[in-house]
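Presented below is the structure to which this report refers.
Each reported figure results from applying straightforward, stated rules to the coordinates on display, with no laboratory input. Owing to the predicted nature of the structure, the values given are computational and were not obtained by experimental measurement. Note that each Cβ is placed from the backbone with ideal geometry, even for glycine, and that neighbours are counted across all protein chains shown.
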Amino acid sequence: MSEWLVLTIAMASACAVVLTIAVLNNRRLADDDDPSETPDVIEYMTMMIGVVYAIVLGLAIAGVWEGRSAAQESVRLEAQALHEVSARAAVYPAEVRDRVRSDVDAYVAHVVDEEWRAMTEHGSLTAEGTRLLDKVRADVTEYRPRDDHEAQAYQPLVDHVAAADDARGARGQNAGATMPGVVWFGLITGALVTVGLIFTLQIRRTFRELLLAGLFSALIAFLLFLIWDFDAPFGRGISATAAPFLDLFPQVDSP
């Protein structure tokens, strides 16, 4: 069964139960019932809906911000691991060292120039990036150390390449949007309901009331925009950047 069908059935069932109870309870009222003695629940319900929606907005913002932070951390870890590979290769012969560093620089240049654009536009990594990182791995793993000093550097180099590959995988997983469609449905529906409830409070056309209503609606729109902007860690305005690569590999030009 589709999750949207389950959601529709659940919402319809909840509304049906509440409305049925309200209708049955209204039929049981006596003729001398005085509704003025019953507290008005409209303001209470409006307040509670606003509080619940504020909690949902807060959780959504926290979730997408955490995703953006995780994406930026994966970039930092990948850049640091590759920097360690390039630095620790100094113990190898000049030919091997230069080849490792050249391949690392080629991979970083591709990430900054091409792969970053692919993540922004398509939400995925590139096959060329995978090939270049595999070439770095082959440079490190296929070399046979000639003495104890090189042998001691071999395993850390292999570990750093593995760490870079793991961080790259995390970067790829964070490249696309993270917020499920059902959550967006709830956020947008909640915004419409919350703003719509303003009109149940007999709002008048005074400057003060119209100003407050406009500011409240603008605040809801801003928070939804903030969630949307953070939802794609690499694809929109306030996104993760390639700064760790550029800081550690200054020889690579920024796109």
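Give the residue from Thr141, Gly176, Ala213 lying farthest towards the positive end of the charge dipole for the chain; charges sit on Cβ (+1 for Lys and Arg, -1 for Asp and Glu) and the dipole is referred to the Cα centre.
So the residue we want is Ala213.
Determine the gain in length on full extension of the stretch Thr46-Glu121; use 0.36 nm per residue of separation and subtract their C-alpha separation, reporting nm with one decimal.
Between Thr46 and Glu121, full extension yields an extra 22.9 nm.
Quick one: Karplus J couplings for the stretch 80-97, per residue in order, coefficients 6.51, -1.76, 1.60, θ = phi - 60°, nearest Hz, x for Gly and Pro?
For the stretch 80-97, the Karplus curve yields 5, 5, 5, 4, 5, 4, 5, 6, 6, 5, 5, 7, 7, x, 4, 5, 5, 4 Hz.
Can you give me the pair-distance distribution of the chain, C-alpha pairs, 10 Å bins, whole percents?
Over the chain, the share of Cα pairs per 10 Å bin runs 6, 21, 20, 16, 13, 10, 7, 4, 2, 0, 0 percent.
So if we plug the beta-carbon distance of Glu95 and Ala243 into 1/(1 + (r/R0)^6) with R0 = 22 Å, what FRET efficiency do we get, rounded to 0.05?
0.10
Give me the number: length gained by fully extending Val195 to Cys15, i.e. 0.36 nm times residue separation minus the C-alpha to C-alpha distance, one decimal in nm.
So the extension gain works out to 62.8 nm.
Using Cα springs under 10 Å in a Gaussian network model of the chain, which residue among Leu212, Leu59, Leu133 shows the largest mean-square fluctuation?
Result for the chain, Cα springs under 10 Å: Leu212 fluctuates most.
With contacts defined as alpha carbon pairs under 8 Å and 6 or more residues apart, what's the relative contact order of the chain in percent?
Taking the mean separation of contacting Cα pairs over the length of the chain, I get 32 percent.
So what J values fall out for the stretch 171-178 if you push phi through Karplus, 6.51 cos²θ - 1.76 cosθ + 1.60 with θ = phi - 60°, rounded to Hz, Gly and Pro as x?
The phi angles translate into 4, x, 5, 8, 5, x, 5, 10 Hz.
Convert each backbone phi in the stretch 181-196 into a coupling constant with the Karplus relation 6.51 cos²θ - 1.76 cosθ + 1.60 (shift: θ = phi - 60°), then list the ³J(HN,Hα) values in order as whole Hz, x for Gly and Pro.
So the Karplus estimates, Gly and Pro as x, are x, 5, 5, 4, 4, x, 5, 5, 4, x, 5, 5, 5, 5, 5, x Hz.
Calculated from DSSP H runs of 4 or more alone, at -39500 (n - 2.57) each and per residue, what is the 222 nm mean residue ellipticity of the chain, nearest 500?
For the chain, the value works out to -25000 deg cm²/dmol.
Taking the dipole about the Cα centre of the stretch 42-248, with the C-beta of Lys and Arg at +1 and of Asp and Glu at -1, give me whichever of Tyr92, Val158, Phe225 is farthest to the positive side.
It is Phe225.
Just to verify a number: FRET efficiency for Ala162 and Glu128, C-beta to C-beta distance, R0 = 25 Å, to 0.05?
Once rounded, the FRET efficiency stands at 0.80.
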